[in-house]
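Undergrad: Take this structure first; my questions come after.
The values are calculated or read from the model by the stated rules, or taken from the named source; none is laboratory data. Worth saying up front: this structure is predicted, and the values here are computed from it rather than measured. We place every Cβ from the backbone using ideal geometry, glycine too, and count neighbours over all the protein chains shown. Remember, those area values only see protein heavy atoms, side chains included, never the ligands or the DNA or RNA. Shrake-Rupley method; radii C 1.70, N 1.55, O 1.52, S 1.80 Å.
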Amino acid sequence: MSIVFHNDPFTPFDRQPIIAHDSPSSGSGFRRSVAIPHAYLPVPADAARLRVAARSLEIEQWVSHRDADWELTIEMKRALIQERPDEVVAMLPGAEAACEEVARGVMSSIGVAPTDARGIDALVEAAMCVADDLCVLIPDAEGMPRLVAAVLCSPNRWRLAEKLGGTMASIHVPVARYDIDLDSPVNAVLKRLNVEKPMWRTNWGISNHPSLFQPDVPPITPEMDIADMWFRTEWQTLRRLPDTGAILFTIRTYVEKLSDFVSRDYAVVHDIGDIINKVREDVAQYKSIAPYRERIFEYLSSR
């Protein structure tokens, strides 16, 4: 059975129809299925535990590469910022200079001249030029980075208003095993992060809904056709800013329908199936895999 959440609160901002797709769920309110870059997929080591797996990023690359979903994602962001700004835009006092430095860097990296916008307006202006979400962290008196500003239009089951001012640990409270597997490594990455060496990593999960704007967990749909579920991956970057010492944390979210994903190389599909089969139960619950785990594994293994 194909589940279509026509009245679901997640759909209003993904207004573009799926193009050239035969799924019964095609129609207004649903994202097109665009292939997730191969380098952003999980690897077998991700089945054992959550990993930071941070890799070096070219210093000139502030945001994700342009692709077929770039402009559509910006359209979605523009609609959210205009219609529900309190949910997707926020800044604490004292973060103005960092927001302006982020805006200058992001816009210059894509060849757009920064304007004289100030504070949060500068961050919003930059965010509407790129498909990525922009989050700004500033170290507190103890040197612990805290989220002080953001334009967040593709949240993965979290709300900006609830996380503003928090450390990475408090922001990731719902993440299964974060305190065990990720807390110390993430803090180590942040402490050694320097201006000349930005980094990138990925995060992944399975969703029964394709919307990029997912501040809450969609209701479980056990009867759903697995082919209609979606692979969701975040490409994240971390960059220390030279003037303010703030950290820019970017998030670009990709979603690919499982019915399209299974057409990939045999080994890739089976590796992902094996990861889903082996991942710890608490992690499977957090990543929304648990209610569908056996059926997803069977579906990918049948490829």
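Undergrad: State the number of residues belonging to region 102-120 that are farther than 11 Å from Ala149 by Cβ and within 22 Å of the chain's Cα centre (by Cα).
TA: Residues flagged as farther than 11 Å from Ala149 by Cβ and within 22 Å of the chain's Cα centre (by Cα) within region 102-120 amount to 5.
Undergrad: Ok, one more. I'm trying to understand the selection: among the residues of region 106-146, which are of a type in the set (Ser, Thr, Tyr) and either assigned to a loop (DSSP other than H, G, I, E, B) or in contact with a strand residue (DSSP E or B) (Cβ under 6 Å, 6 or more places away or on another chain) (or both)? Full working, then the answer.
TA: Taking region 106-146 as the starting set, the residues that turn out to be of a type in the set (Ser, Thr, Tyr) are 108-109, 115.
Selection gives Thr115 alone.
Undergrad: Related question: Check Pro155 against each of (1) at pLDDT below 90; (2) in contact with a Pro (Cβ under 9 Å, 6 or more places away or on another chain); (3) within 23 Å of Trp62 (Cα to Cα) and name the one condition it does not meet.
TA: (1)
Undergrad: What pairs come out if I take residues in region 277-291 that are at positive phi and pair them with residues that are surrounded by fewer than 14 Cβ atoms within 10 Å (Cβ to Cβ) whose C-beta lies under 9 Å away, six or more apart or interchain?
TA: Here the result reads Ser288/Ile220, each pair linking region 277-291 to a residue that is surrounded by fewer than 14 Cβ atoms within 10 Å (Cβ to Cβ).
Undergrad: Would you check if there is a residue in region 127-141 being modelled with pLDDT of 95 or more and at positive phi?
TA: Looking through region 127-141, none of the residues is modelled with pLDDT of 95 or more and at positive phi.
Undergrad: Here's another thing I want to ask about it. Could you please tell me which pairs satisfy a Cβ distance under 9 Å, a separation of 6+ or placement on different chains, a first residue in region 81-96 that is modelled with pLDDT of 95 or more, and a second residue that is part of a strand (DSSP E or B) and open to solvent by 70 Å² or more (accessible area, probe 1.4 Å)?
TA: Leu92/Arg146
Undergrad: Tell me which helices (runs of 4 or more DSSP H) are completely within region 185-303 and hold 1 or more residues being exposed (fewer than 15 other Cβ atoms within 10 Å of the Cβ), or say none if there are none. Lay out the reasoning, then the answer.
TA: Values: elements: 258-261, 266-278, 281-286, 293-301.
It comes to 266-278, 281-286, 293-301.
Undergrad: For region 235-260, give me the residue count where each residue is at pLDDT below 95 and acidic (Asp, Glu).
TA: Residues meeting the conditions: 2.
Undergrad: If the requirement is being within 19 Å of the chain's Cα centre (by Cα), closer than 19 Å to Trp62 by Cβ and among the β-branched types (Val, Ile, Thr), which of these qualifies: Val124, Val88?
TA: Of Val124, Val88, the one residue that is within 19 Å of the chain's Cα centre (by Cα), closer than 19 Å to Trp62 by Cβ and among the β-branched types (Val, Ile, Thr) is Val124.
Undergrad: Here are some conditions: (1) modelled with pLDDT under 90; (2) assigned to a helix (DSSP H, G or I); (3) surrounded by fewer than 20 Cβ atoms within 10 Å (Cβ to Cβ). Ala161 meets all but one. Which one does it not meet?
TA: Condition (1) is where Ala161 drops out.
Undergrad: Oh, and also: Tally time: how many residues in region 106-138 are open to solvent by 20 Å² or more (accessible area, probe 1.4 Å) and closer than 13 Å to Phe249 by Cβ?
TA: Of the residues in that region, 1 qualify.
Undergrad: Report, by residue number, each residue of region 65-105 that is in a helix (DSSP H, G or I), touching a helix residue (DSSP H, G or I) at 6+ places or on another chain (Cβ under 6 Å) and open to solvent by 30 Å² or more (accessible area, probe 1.4 Å).
TA: Glu96, Glu100
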